[in-house]
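Trainee: Sharing a structure here in structure tokens format.
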Amino acid sequence: MNGLDTNILARYYIEDAGDSESLKQRLLAQKIIEAGTPLMVCKTVILEFEWVMRGYYQFSAQAISTVFNHLLSLSHVQIEDRDLVQKAVTYYLTGLDFADALHHVSYQACTQMLSFDDRRFARKVKKKALLPPVIVPK
């Protein structure tokens, strides 16, 4: 099994009108992902890939969700904590920041999560009644 780096996913999913090297890498990424051989993507790559799509390529949350849902649907690709990543994508579409959503779903075994991010995170989790609750220490 081969583990994939963020740049392989980016070349596969993002049509970047770059130079000849970018095109060569895109074709290689397609060959790798479409070969059907067992592959793995870890959560840190998922997190970085969201940042690349949103921050560099200005993808919308909906477009990022579509990419992740396609990746999650590939039976030959093992995603670290697949169910949690899928849940984070769902939370992301409801308005949470993707990184916050991924952090939050990773703490499902905890009674609460502590964060100083009140406005953008704790209040949204409370409003959506997600568990565990996010508590702002005072």
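The values are calculated or read from the model by the stated rules, or taken from the named source; none is laboratory data. Keep in mind it's a predicted model, so treat the numbers as computed, not measured. Every residue, glycine among them, receives a Cβ derived from its backbone with ideal geometry; neighbour counts consider all protein chains shown.
Trainee: Quick check on the stretch 80-89. Is at least one of its residues closer than 18 Å to residue 106 by Cβ, free of Cβ contacts under 8 Å to residues at least 12 places away in the same chain and either exposed (fewer than 12 other Cβ atoms within 10 Å of the Cβ) or outside the structural domain of residue 125 (by TED's automatic domain parsing) (or both)?
Mentor: Looking for residues that are closer than 18 Å to residue 106 by Cβ, free of Cβ contacts under 8 Å to residues at least 12 places away in the same chain and either exposed (fewer than 12 other Cβ atoms within 10 Å of the Cβ) or outside the structural domain of residue 125 (by TED's automatic domain parsing) (or both), one finds at least one in the stretch 80-89, hence yes.
Trainee: Still on this structure, please answer the following. What are the residues in the stretch 55-64 that are small (Gly, Ala, Ser) and in contact (Cβ under 8 Å) with a residue 24 or more places away in the chain, if any?
Mentor: 61
Trainee: Scan the stretch 90-133 residue by residue and report those that are part of a strand (DSSP E or B) and either surrounded by 14 or more Cβ atoms within 10 Å (Cβ to Cβ) or in the same structural domain as residue 51 (by TED's automatic domain parsing) (or both).
Mentor: 113
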